[in-house]
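S.K.: Dropping a structure here in structure tokens format, bear with me for questions.
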Amino acid sequence: MMDVRSFDSGRILLYDFFSGLFLHDLLVGRKELLEKQLEILLQSPLEEGLEIPLGQMLSMVQKEGMEPIVAEYTELFVLPFTHRRIHLLLSHYKEGYVGGQALLDIRQRLRDFPIRMNEELCKESEEHFGFLLVLMRFLIENHGQVPLNSEVKVFKEFIAPYGESITQELISHPQARFYASAGKVLASFLGFERNLLK
């Protein structure tokens, strides 16, 4: 059996990396950190072939800066002008509208953890995919202070089912450049986590 804890530092990096891509407020001021994270991920990609999307993301950050990436975020997730919006709220996937049972479920689960929403850090609701990625990072960093199997439950109940839908939408979206590459890296990471947290 794999020792989950031996992968913690890499997993913390990846959850931080993805939360920075899916939370608008984190994305905006993230250029230097994003470059550094992409360079680290390029040195040891999760699987063969990921050098291509990681390299494309790094090249875009270095050559074009954050402005087109933030604009793409807006186009995909906030105010799409030409295509269907990609939703980052779980209720949308589960029930077809926002603020449904999925939000109540995650709030119930959060009661198990010594964590509260920090509205300065994260203005999104608890069912936002980006918030759930921040939550997973917190659970890994504080695994001794949270109930046993917390990571497994949050991953299986909330991140895996919706992450796969988000990944597919990103990869196939005609307006996605940076985020199509991010979708490929996310798909690989979700597969890694699924195997690790069995």
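The values are calculated or read from the model by the stated rules, or taken from the named source; none is laboratory data. A quick note: this is a predicted structure, and the numbers were derived from the prediction, not measured. Cβ placement follows ideal geometry from the backbone for every residue including glycine, while neighbour counts extend to all protein chains displayed. Ligands, DNA and RNA are excluded from the accessible area calculation, which covers all protein heavy atoms including side chains. Shrake-Rupley method; radii C 1.70, N 1.55, O 1.52, S 1.80 Å.
S.K.: If a helix is a whole DSSP H run, which ones in the chain reach 15 Å or further along their own axis (Cα) and hold a mean Kyte-Doolittle hydropathy of at least -0.5?
M.R.: Within the chain the helices that satisfy the rule are 8-22, 31-43, 51-64, 129-141, 160-172, 178-196.
S.K.: Could you grab the relative contact order for the chain? Cα pairs under 8 Å, six or more apart, rounded to a whole percent.
M.R.: Dividing the mean separation by the residue count of the chain yields 28 percent.
S.K.: To continue, here is another question. Given the Cα-Cα distance of PHE192 and LYS156 and 0.36 nm per residue of separation, how much length would full extension add, in nm?
M.R.: 11.7 nm
S.K.: If I ignore ligands, DNA and RNA and count only protein heavy atoms, how much of ASP25 is accessible to a 1.4 Å probe, in Å² to the nearest 10?
M.R.: Number for this one is 80 Å².
S.K.: Here's a follow-up. How far, in nm, would the chain grow between SER6 and GLN145 when pulled straight, counting 0.36 nm per residue and subtracting the alpha carbon separation?
M.R.: Length difference between fully extended and current span is 48.3 nm.
S.K.: Compute the Cα gyration tensor for the chain, then decide on rounded, prolate or oblate, letting a ≥ b ≥ c be the square roots of its eigenvalues: rounded whenever a/c is under 1.5, prolate when a/b is larger than b/c in the other cases, and oblate in all that remain.
M.R.: Oblate, because a/c is 1.5 or more while a/b does not exceed b/c.
S.K.: Counting heavy atoms of the protein chains only and a 1.4 Å probe, report the per residue accessible area for the chain as a whole number of Å².
M.R.: Solvent-accessible surface per residue comes out at 50 Å².
S.K.: Of the cross-linked pairs LYS63/LYS156; LYS36/LYS94; LYS94/LYS198; LYS31/LYS198; LYS156/LYS184; LYS31/LYS94, which ones have a Cα-Cα span greater than 30 Å in the structure shown?
M.R.: Exceeds cut-off: LYS63/LYS156; LYS36/LYS94; LYS31/LYS198; LYS31/LYS94.
S.K.: Grab the DSSP H runs of the chain that are 4 residues or longer, score each as -39,500 (n - 2.57), total them, divide by all residues and round the 222 nm result to the nearest 500 deg cm²/dmol.
M.R.: After summing the helix terms and dividing by residue count, I get -18500 deg cm²/dmol.
S.K.: DSSP loop chymotrypsin sites (Phe, Trp or Tyr not before Pro) in the stretch 1-98 with at most 12 other Cβ atoms within 10 Å of their Cβ, which ones?
M.R.: Here the chymotrypsin sites (Phe, Trp or Tyr not before Pro) that fit, given the DSSP loop and packing criteria, are PHE81, TYR97.
S.K.: At 0.36 nm per residue, minus the direct Cα-Cα distance, what do GLU51 and LYS63 gain on full extension? Give it in nm, one decimal, please.
M.R.: 2.6 nm
S.K.: Could you compute how much accessible surface LYS184 exposes when probed at 1.4 Å, giving the result in Å² to the nearest 10?
M.R.: Solvent-accessible area, nearest 10 Å²: 100 Å².
S.K.: In addition: Could you pull the accessible area for HIS143 with a 1.4 Å probe, rounded to 10 Å²?
M.R.: 80
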